Amino acid sequence: MDRRKFMGAVAAGAALTTVAKTGVAETKKAGNLTSSFEGSFYLTKENPGRWAAKAAGHLPVVEVSKVDGKSTVKVTTPHGMHGYEHYIVKHQLFDEKMNLLGETMFDPMKDAPVSSYDVAGYSGVLYVMSVCNKHDVWVSAETV
């Protein structure tokens, strides 16, 4: 396994485990990601921790569109991709019980940090993680 894949897997797996164990999975209100790890292990708009100055470029922006009864989620992280020096490793999409619904890995040499997921038939809170190789894991929530 190369370094990029390893870092992404470790960061996302650890964040998912921590978030799920701290009760975030039981939250019903989008954006309420409060736990003892918010602001340190994972970062949010409300609690960006030590990277407060980096929030605008790292928080995943979630857009939900509904066409003909089908919901699609588009995730964008407004962050430049600076080769392997500094980039968004991946996006992950989870339901309110922290089941993985989708994941997109990015190649910093050719991809922009934009992903899209079909969530037809799902309603409830979605959690989106954006993993930066330098500035940790950022989480946003949206209700579908």
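Values in this text are rule-based calculations from the coordinates and carry no lab data. On a predicted model such as this, the values are computed, not experimentally measured, just so you know. Here Cβ is always computed from backbone atoms with ideal geometry, including for glycine, and neighbour counts include all displayed protein chains.
Figures for the structure shown
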{"item": "Extension gain, Ala112 back to His86 (0.36 nm per residue minus Cα-Cα distance, nm)", "result": "8.1 nm"}
{"item": "Built amide H within the under 5 Å cut-off of Thr143, gap 5+", "result": "Leu126"}
{"item": "Protection proxy ranking of 121-130, 102-111, 61-70 - average other beta-carbon atoms within 10 Å, highest first", "result": "121-130, 102-111, 61-70"}
{"item": "Charge tally in the Cβ shell below 11 Å around Leu101, where Lys, Arg are +1 and Asp, Glu are -1, Leu101 excluded", "result": "-3"}
{"item": "Calculated on alpha-carbon atoms, Rg and Dmax of the range 73-144 in Å", "result": "12.4, 39"}
